[in-house]
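> Below is one structure. I have some questions about it.
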Amino acid sequence: MTIIEARGVELAFGRTPALRGADLAVRAGEILAVMGPSGSGKSTLLHCLAGILVPQAGEIHFDGRRVDTLGENGRSALRRDRFGFVFQFGQLVPELTAEENVALPLLLAGTRREPALRAARAWFERLGLDGLERRRSGELSGGQAQRVALARGLVARPRVLFADEPTGSLDSLTGEQVMDLLVGSARAEGTTVVVVTHEARVAAYADREVIVRDGKVTSLVHP
Ligand code: ADP
Ligand code: ADP
């Protein structure tokens, strides 16, 4: 079953085309790697699927409903209620503690502070972050910060986790630990994952790979 889909998506930044008729159907529960050369349109495609960017032509569907025709409020509610995000540089809020960062999606969705922090703390043990709950991002290693970002991406139990180069800022061993935890947690929760990467060792975790080239999606089998 398809959970999220791009149909004929086109998007240009000024005169720079980023997507030129991208088609992609993501199956519910799968871990999908989106590969391709730098500048080919991978991040732009992820942002369109996730309702962050709106295509200039084509359609985005999530769970049988159009996403690209929703207004800013509808897309922001959809992101908050259904999607989780992990980016290359964890992008933790430096003023907040690690547990507050993890709790953030719940707080933004209206959960009260104590239950939100309790739900956040449960992820620390799960991701090997015990004892780091009160640290601020400046006091965490790169791998620890990325695991905190992963916890934040999963805490609201999203239907789809969007990960854009989640190991891009990490050395290979630390990157593998983050991918092990990301894939392990997603499988345990039944979360669909769309992971943009240019690294084959990250794509090796996926059930399926597609390649973006010149703003179009091709599968490995039928290039
Ligand atoms: P990838 O993720 O594969 O590296 P991107 O989706 O980031 O590719 O970029 C696709 C194309 O769009 C590139 O030519 C890039 O320079 C351009 N681009 C991406 N984001 C912007 C932006 N915010 N403003 C202008 N051009 C952009
Ligand atoms: P709006 O009227 O604000 O544009 P909707 O009334 O369509 O948005 O959406 C209301 C709620 O439904 C939001 O909480 C949003 O998260 C959720 N939602 C929106 N689109 C979808 C979708 N395609 N699949 C599932 N839930 C959605």
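The values are calculated or read from the model by the stated rules, or taken from the named source; none is laboratory data. Note that the structure is a prediction, hence the values are computed from the model and not measured. Note that we place each Cβ from the backbone using ideal geometry, even for glycine, and neighbour counts take in every protein chain shown. Accessible surface is based on the protein model in full, side chains and every heavy atom, while ligands, DNA and RNA are left aside. Shrake-Rupley method; radii C 1.70, N 1.55, O 1.52, S 1.80 Å.
> How many of the residues in segment 161-209 are touching a residue at least 60 places away in the same chain (Cβ under 8 Å), surrounded by fewer than 22 Cβ atoms within 10 Å (Cβ to Cβ) and under 16 Å from residue 87 (Cβ atoms)?
5
> Can you tell me which residue within segment 15-28, out of those that are of a type in the set (Gly, Ala, Ser) and more than 16 Å from ligand 2 (Cβ to nearest atom), is farthest from residue 207 (Cα to Cα)?
Looking at residues that are of a type in the set (Gly, Ala, Ser) and more than 16 Å from ligand 2 (Cβ to nearest atom), I get 18.
> Considering every residue within segment 60-73, establish whether at least one is over 21 Å from residue 193 (Cα atoms), more than 16 Å from ligand 2 (Cβ to nearest atom) and open to solvent by 20 Å² or more (accessible area, probe 1.4 Å).
No, every residue in segment 60-73 fails to be over 21 Å from residue 193 (Cα atoms), more than 16 Å from ligand 2 (Cβ to nearest atom) and open to solvent by 20 Å² or more (accessible area, probe 1.4 Å).
> Kindly establish whether residue 37 is within 12 Å of ligand 1 (Cβ to nearest atom) and closer than 21 Å to residue 199 by Cβ.
yes
> Taking into account only those residues within segment 10-33 that are in a strand (DSSP E or B) and under 19 Å from residue 82 (Cβ atoms), which is farthest from ligand 1 (Cβ to nearest atom)?
27
> Going by what's in this entry, would residue 10 be described as open to solvent by less than 20 Å² (accessible area, probe 1.4 Å), over 16 Å from the mean Cα position of the chain (by Cα) and away from ligand 2 (no atom under 16 Å from the Cβ)?
no
> Residue 148 - would you say it is open to solvent by less than 50 Å² (accessible area, probe 1.4 Å) and in contact with a Leu (Cβ under 9 Å, 6 or more places away or on another chain)?
So residue 148 fits the description; yes.
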